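The next block holds one structure in the form of structure tokens; read it before the comments.
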Amino acid sequence: MEPQRMGIRYKPPLVSVEFKCGGKLYLHEIAMDKYLSNHSDVAGIVRAVQLDHAAYVDDVSTAQLTRLVQKLFQKVKPLASLPAADYNNVSDAQLQLVKEKMDSVFLSNVLKPGDPGYVYDKQMEFHPTETSDWDD
């Protein structure tokens, strides 16, 4: 099996591997939904794909697969690609760009009355992920 080309599709998110086997050209598509929801970093996604689809991506360089997954990750999870910066010390122009990106992500996820899945007065309980001294 000899990989020829690779590509990505954003909706639904997937990685395509075009390969030659026995003189014929085949296409293997790797659905990325479960990888994107189970992993929060690109390196973890790449490792999981390499383990689960070893027959198709063993001969593909890790750098190439990482570049493709990075593009997909930035498109599908835009907030995760925001730099973790101290926004108190950035310029007003940079702060405005970050705020615009956050606003666009928020508006794309907001549910309004009449939208499918909208629940009036939805109540959720959140538990702390770690203990804090000031919670006592």
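For region 13-28, the set of residues classified as within 12 Å of the chain's Cα centre (by Cα) and either free of Cβ contacts under 8 Å to residues at least 40 places away in the same chain or loosely packed, with under 13 Cβ neighbours inside 10 Å (or both) consists of LEU14 only.
To keep it simple, each residue is scored yes or no on (1) part of a helix (DSSP H, G or I); (2) over 21 Å from GLU2 (Cα atoms).
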site: TYR26; (1), (2): no, no
site: ILE30; (1), (2): no, no
site: LEU36; (1), (2): yes, yes
site: SER40; (1), (2): no, yes
site: ILE45; (1), (2): yes, yes
site: GLN50; (1), (2): yes, no
site: ALA55; (1), (2): yes, no
site: ASP59; (1), (2): no, no
site: GLN64; (1), (2): yes, no
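Screening GLY117 with (1) loosely packed, with under 10 Cβ neighbours inside 10 Å; (2) closer than 28 Å to ASP41 by Cα; (3) not hydroxyl-bearing (Ser, Thr, Tyr) gives one miss only, at (2). Name the residue that is nearest to ILE8 (Cα to Cα), counting only residues in region 29-46 that are surrounded by fewer than 13 Cβ atoms within 10 Å (Cβ to Cβ) and acidic (Asp, Glu). That would be ASP33.
So, of the residues in region 3-12 that are among the charged types (D, E, K, R) and assigned to a strand (DSSP E or B), which turns out to be surrounded by the most Cβ atoms within 10 Å (Cβ to Cβ)? Residue satisfying both the conditions and the ranking: ARG9.
Selection of first residues in region 105-117 that are modelled with pLDDT of 85 or more and of second residues that are surrounded by 10 or more Cβ atoms within 10 Å (Cβ to Cβ), restricted to Cβ pairs under 9 Å at least 6 apart or on distinct chains, gives the following pairs, ordered by first then second residue: LEU111/TYR118; LYS112/TYR118.
The values are calculated or read from the model by the stated rules, or taken from the named source; none is laboratory data. These numbers come from a predicted model, not from an experiment. As a convention, Cβ positions derive from the backbone with ideal geometry for all residues, glycine included, and neighbour counts pool all protein chains shown.
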